[in-house]
Amino acid sequence: MSGRQTLSYLQKRFAAAGVKPQTRFGQNFLIDLNLVALIAKTAQLSARDVVLEVGTGTGSLTTIMAAQAGHVVTIEIDRLLAPIAQQEFAQLANVTLLNQDALRNKNHIDEIVLEAVRARMAEIPGARFKLVANLPYNVATPIISNLLGCDPWPNRIVATIQKELAERIVALPRSKDYGALSIWIQCQAQAEIVRVMPASVFWPRPNVESAIIDIRPSRVLRDRIGDTEFFHNLMRGIFIHRRKFLRSALVAATKDRLSKSDVDDLLAQLELEENCRAEQLRVDDLIDLAEHVRIRINKIAPS
């Protein structure tokens, strides 16, 4: 790896191919080889793992992971960059490159991507699914968020993302960063920031700091939720106006399904003050609230 994805290597490689990094694809290449290696090391890869990488780049991280994992399905949207990456791992039988968008839309991972992962998992006994990537900033939130609602469900997510996003993911109640995304991830996974990275370790340099996030999904945590889709939608509805009192936010989020008196009754049942805010509640409290809301809606829904 000593000659791969350093600044000089990338500049020469791009110049020879007559291409430039594309801002519209969020292309910022990690040029610190120790950090590239740290991403793979944090993921604790083994021959059981089928890895999804979104943002192949020039294939630097891909080749490291291919030496450790059972298979790597790597996605590169840039039609000019994909052939360059393919040359880097052309001789590796356990790498599948898809030249396309990883997202069908902002709320769904493309089914072709998921099918490729499922197909490779079917070939490995006891296979595990992991996302390991230097994620383009412009798709980091929908990739991570949507993946936690997919089949297959990830065993681990290790990714380079914008520092601000990483701070939202690990945020605690009563903090400015705590919101629907924090809750959606923390309700089903443990998450921590592994390393904060300055802009200088990327080319071209972004205008923000980055971080490596380590997300470890847990079935035990996820099984606390009665209906994950309902929970996710309710949390997004409540946190659209995060400074609203919980009562007002809940009335707005359950519009046409619960009356104001229903909401008041639920809050009293859960011993929650009308003037408290959702951002003050722990994840466990919000799971409990969502389940009571779901049950109440199902009871009064017309048969």
Compute the helix-to-body angle for 228-238: its Cα long axis versus the longest principal axis of the chain, expressed 0 to 90° and rounded to tens. 70
Which of MET65, MET121 comes first, and how do the rest follow, when ranked by fewest Cβ neighbours within 10 Å? MET121, MET65
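Under 8 Å for C-alpha pairs, at least 6 residues apart: give me the relative contact order for the stretch 44-197, rounded to a whole percent. Display every interim value, and only then the final one.
Values: 254 pairs, mean separation 31.2, N = 154.
Relative contact order for the stretch 44-197 comes out at 20 percent.
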Cross-link partners of LYS255 among lysines (Cα-Cα below 23 Å; sequence separation of 8 or more within a chain): LYS244, LYS299
With a point put 7 Å past each Cα toward its Cβ, work out how far VAL220 is from GLU192 in nm, to one decimal. 1.6
Contact order relative to length for the stretch 160-224, counting C-alpha pairs under 8 Å separated by 6 or more residues, stands in percent at 38
Over all distinct Cα pairs, what is the inverse of the mean 1/r for the stretch 148-303, reported as the Kirkwood hydrodynamic radius in Å? 16.9
For the chain, what is the mean residue ellipticity at 222 nm derived from helices alone (per DSSP H run of n ≥ 4: -39500 (n - 2.57); sum divided by total residues; nearest 500 deg cm²/dmol)? -11500 deg cm²/dmol
Choose one of PHE245, VAL293, LEU267: the residue whose Cα lies farthest towards the positive end of the charge dipole of the stretch 228-300 (beta-carbon charges +1 Lys, Arg; -1 Asp, Glu; about the Cα centre). PHE245
What list of ³J(HN,Hα) couplings, whole Hz, do you get for the stretch 143-149 from phi and the Karplus terms 6.51, -1.76, 1.60, once you set θ to phi - 60° and write x for glycine and proline? 5, 5, 4, 5, 5, 6, x
Under the rule a/c < 1.5 gives rounded, and otherwise a/b versus b/c splits prolate from oblate, where does the stretch 228-300 land using the Cα gyration tensor? rounded
What is the spin-label model distance, in nm, from ILE112 to ALA252 if the labels are put 7 Å beyond Cα along the C-beta direction? 3.9
Taking the simple approach of a point 7 Å from Cα along Cα-to-Cβ for both ASN34 and VAL19, what is their distance in nm? 3.0
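To the nearest 0.05, how large is the calculated FRET efficiency for CYS276 and ASP177 if R₀ is 22 Å and r is the Cβ-Cβ distance? All intermediate terms of the calculation are to be shown ahead of the outcome.
Numbers: r = 19 Å, r/R0 = 0.86.
It comes to 0.70.
Let me spell out the model: positive unit charges on the Cβ of Lys and Arg, negative unit charges on the Cβ of Asp and Glu, origin at the Cα centre of the chain. What dipole size does that give, in debye rounded to 20?
Working: 38 positive and 33 negative charges, 113 e Å.
Dipole about the Cα centre, nearest 20: 540 debye.
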Karplus-derived HN-Hα couplings along the stretch 269-275 (A = 6.51, B = -1.76, C = 1.60, θ = phi - 60°), whole Hz, x at Gly and Pro: 4, 8, 6, 10, 5, 4, 8
Distance between the C-alpha centers of the stretch 84-142 and the stretch 183-216? Whole Å please. 19
How long is the gain from ARG104 to PHE245 if the chain were fully straight, where each residue apart is worth 0.36 nm and the alpha carbon distance is subtracted? 47.3 nm
Please name which of CYS187, PHE14, ILE39 has its Cα lying farthest along the dipole of the chain towards the positive end, using unit charges on Cβ (Lys, Arg +1; Asp, Glu -1) and the Cα centre as origin. PHE14
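Between ASP264 and TRP153, how high is the FRET efficiency from 1/(1 + (r/R0)^6) when r is the Cβ-Cβ distance and R₀ = 45 Å? Nearest 0.05.
On the way: r = 37 Å, r/R0 = 0.81.
About 0.75, to the nearest 0.05.
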Using unit Cβ charges (K, R positive; D, E negative) and no other charged atoms, how large, in debye to the nearest 20, is the dipole of the stretch 228-300 about its Cα centre? 380
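Quick note: the coordinates plus some simple rules give every number you see, no bench work behind them. Everything numeric here is computed off the predicted structure, so don't read it as measured data. Virtual Cβ from ideal backbone geometry, glycine too; neighbours counted across all protein chains shown.
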